[in-house]
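The values are calculated or read from the model by the stated rules, or taken from the named source; none is laboratory data. All figures in this text were calculated on a predicted structure; none of them were measured in a lab. Every residue, glycine among them, receives a Cβ derived from its backbone with ideal geometry; neighbour counts consider all protein chains shown.
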Amino acid sequence: MTASPRTSAQPTEDAAAFLRVREAMPALAACLSAEDLAAQSMPDCSPGKWHLAHTSWFFEAMILAREPGYLPVDPRFQALFNSYYEALGHRVDRPERGLMTRPSLDEVLAYRREIDRRMVAWLDDGPAGAFERYLFTLGLHHDQQHQELFLMDLLHLMSRSPLDPAAYTAEPRARPVEPSTGGWSRFGGGLVTVGHDVADFAFDNEGPAHRVWLEPYALADDLVTNGDWLGFIADGGYARAELWLADGWSAVKAEGWTAPLYWRDEGSDWTVMTLTGRQPVDRDAPVRHISFYEADAFARWAGNRLPTEAEWEHAVKCRSATPGNAFGEVWQWTSSAYAPYPGFRPTEGTASEYNGKFMANQMVLRGSSFATPVGHQRVSYRNFFYPHQRWAFMGLRLAGDAISAPVRASQEGETARFRRDLIAGLSRSPKTASPKWFYDAEGSRLFEEITRLPEYYPTRQEAALLRRVAPEWAVQFGAEAVLVEFGSGASEKTRIVLDAAPDLAAYVPIDISADALDAAARRIADAYPGLTVSPLVGDFLLLGALPAGIARGRHVGFFPGSTIGNLEPAEAVAFLKAARALLGDESLFILGVDLIKEPEVLIAAYDDSQGVTAAFNRNLLVRANRELGADFDTDAFTHRAVWNADQSRMEMHLEAKRALSVRIAGQAVVFHAGETIHTENSRKFSEDSIRSLAAAAGWRVAAFARSEAPSVALALLVA
Ligand SMILES: C[S@@+](CC[C@H](N)C(=O)[O-])C[C@H]1O[C@@H](n2cnc3c(N)ncnc32)[C@H](O)[C@@H]1O
């Protein structure tokens, strides 16, 4: 079916998206000379002029040429600008691309403009079907890939000049590097799903989604820095065969490697060639331009290892534990060979050559680099290079086997995490912030005030329901049981369980808010003198181990308040799985959830008449000002509570009343009037959705109790 031609003079949304992507590479080329754009510095690289032409050729060969009776802009370009598509016939060998002085740069730019014109006309008619639409989107992503290749190849070219020329006055990048936190995150592993499984675009090599077994593992929160690398060099890293894979050691000797690509030993210090010319090596910046062999040797030297690509992807999908600079700084080497996923099928037709035929002898890199265009990154993205290659914007992050340690995190570490998380969230579009940062001492106090508001039914209803079911459910706890509460806050509902189960031996409240936790633990210890109270400060999404030898009985998880609704669906499954692993095979779990109901009731609960919820929401900004030295004008943001029916969730936002710029830890964040920070989701559930969630995480629902309206529910889960 062909859509009827559009008559509007306005470009369609597709055409506008197309032109936005297409203008990026000419913009990168604008300040460069025709000579800069014609030279080729090594066989792996291509001249800038070739990238400008090839990305246009791709649209012509893959899309326009499929149209019946299509006449090419210049038939000779088919062979000149074909990269590696055997099905499309003869082409110029890659090492020879720098010899093409004709067509001139002006002619290539004219070719680009003509392809853009023809593509806009094609889009105006509307892509005929789903496959054409896929090819169109593939073309856009292909163009974006080449925008990064353009910069990689340009840097290599500039590095070959004794003049150390600066290609640009400032590095072309979308956002600043995230500050380091110096920590590690632990992940329980288990049977996890990796790969692309949603409807949005992905390259064929990212799917299908499939299950992978992960042993517990740990991942560094930060990328390895130049300072770290200097330590490796100083310790003889490049001279110690025992650190290297055999092929890596051969490369060290054959290539004479003593440092990352582009580094130069200046006697007392090192410099590095960059897109802004030769610069002193910045010790705090993530190291770049290292081969897989170097990354692997460094990891061994550091007593760690590289992550597998499944570990990397799983860690990044667990949103709250997102490693720092996962995206937007350097592609990160993994220990995974680039191979097809189970069930992999290449895209049909000519584009089948895009990825699949390269699946031998290369290694996977994950994340994205500072040069990756905005909108081109994906958690499932699989970049790949040969293990000796160094000219891409590639670095590393260390991994290790699970470190068994309690959840406790230092306050200093928490502030750094808050800074990193907030800056990362506000750099996204739309802007987001994790709800876990609501709960400083004032946030926890405000939340308790919310629970007493007439409009806020969940606490009242859940407490009443708990009083009804706790005596019956507590019978199953058995002797010497341990109650482990996640996000315990003021531990008020806990008392209902403790009263119903006088035989409980120990109570382990876990909360990210140290102030709320300490005060609540003291109150509970005073009120229940026979109970061992052992609080853990920290993030319940980063579960380590429970305090050793705490009690011999069954472990009972307790997660009331529908806090599970604050988690993304995948995160909720991962959390419940990790909780099951933490609590053990005999465990029980009491889960409190809010149920789907009339939007008016929900909205009133999240936008009360006294403005307490608004103050709770805005307290995030107050906290950022106090702890991070940010300069939010808190009066410039309005509290918004919105029911999102598609996602079955209440959303809280902070909406900027006017355009403004805010500084956080030296970095500027710009808001336009009406732009929001999405601060919280509170997903609402049905009995069915709770049963599916529990099953996906390996729990069985032994009982499900529902309160009177406005209704909430409690589920008793059994491991
Ligand atoms: C909505 S309140 C619920 C408090 C209490 N459980 C109740 O039902 O009233 C959420 C609590 O979870 C804590 N919290 C939120 N995210 C957390 C995280 N990722 N790790 C640990 N605690 C968290 C907050 O500090 C807060 O005390």
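Listing for the model above:
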item: Number of positions in the stretch 314-363 that are assigned to a loop (DSSP other than H, G, I, E, B), hydroxyl-bearing (Ser, Thr, Tyr) and within 16 Å of the ligand (Cβ to nearest atom); result: 1
item: Residue selected from the stretch 214-243 under the condition hydrophobic (A, V, I, L, M, F, W, C) and in contact with a Pro (Cβ under 6 Å, 6 or more places away or on another chain), by the criterion farthest from Val281 (Cα to Cα); result: Leu219
item: Residue that is nearest to the ligand (Cβ to nearest atom) [pool: residues in the stretch 520-550 that are surrounded by fewer than 17 Cβ atoms within 10 Å (Cβ to Cβ) and in a helix (DSSP H, G or I)]; result: Arg523
item: Cβ pairs under 8 Å, 6+ apart, first in the stretch 468-487 and at positive phi and in the same structural domain as Leu591 (by TED's automatic domain parsing), second within 16 Å of the ligand (Cβ to nearest atom) and not in a strand (DSSP E or B); result: Gly487/Ile512; Gly487/Phe540; Gly487/Gly561; Gly487/Thr563
item: Breaking point among (1) more than 15 Å from the ligand (Cβ to nearest atom); (2) of a type outside the set (S, T, N, Q); (3) in contact (Cβ under 8 Å) with a residue 24 or more places away in the chain; (4) farther than 24 Å from Glu442 by Cβ, for Tyr507; result: (1)
item: Subset of the stretch 328-352 [of a type in the set (A, V, I, L, M) and in contact with a helix residue (DSSP H, G or I) (Cβ under 7 Å, 6 or more places away or on another chain)]; result: Ala351
item: Verdict on Val482 being closer than 25 Å to Asp539 by Cβ, of a type outside the set (Phe, Trp, Tyr) and within 13 Å of the ligand (Cβ to nearest atom); result: no
item: Residue under evaluation Ala474, criteria (1) surrounded by fewer than 21 Cβ atoms within 10 Å (Cβ to Cβ); (2) more than 12 Å from the ligand (Cβ to nearest atom), criterion not met; result: (1)
item: Residue in the stretch 349-368 that is out of contact with any Asp or Glu (no Cβ under 8 Å at 6 or more places or on another chain), within 25 Å of Glu571 (Cβ to Cβ) and without any contact (Cβ under 8 Å) to a residue 40 or more places away in the chain present; result: yes
item: Scan of the stretch 27-48 for residues that are part of a helix (DSSP H, G or I) and within 12 Å of His146 (Cβ to Cβ), ordered by number; result: Leu28, Ala29, Gly48
item: Candidate set: the stretch 225-236, residues that are under 13 Å from Leu396 (Cβ atoms) and either modelled with pLDDT under 90 or out of contact with any strand residue (DSSP E or B) (no Cβ under 7 Å at 6 or more places or on another chain) (or both); chosen: the one surrounded by the fewest Cβ atoms within 10 Å (Cβ to Cβ); result: Asp228
item: Residue that is farthest from the ligand (Cβ to nearest atom), among those in the stretch 560-600 that are basic (Lys, Arg) and in a helix (DSSP H, G or I); result: Arg580
item: Residue within the stretch 93-100 that is at pLDDT below 95, farther than 22 Å from Ala130 by Cα and assigned to a loop (DSSP other than H, G, I, E, B) present; result: yes
item: Residue within the stretch 601-619 that is over 27 Å from Val712 (Cα atoms), outside any strand (DSSP E or B), of a type in the set (A, V, I, L, M) and away from the ligand (no atom under 15 Å from the Cβ) present; result: no
item: Residue ranges of strands (runs of 3 or more DSSP E) in the stretch 632-719 with at least 1 members under 21 Å from Asp608 (Cα atoms); result: 637-644, 649-656, 676-683, 712-718
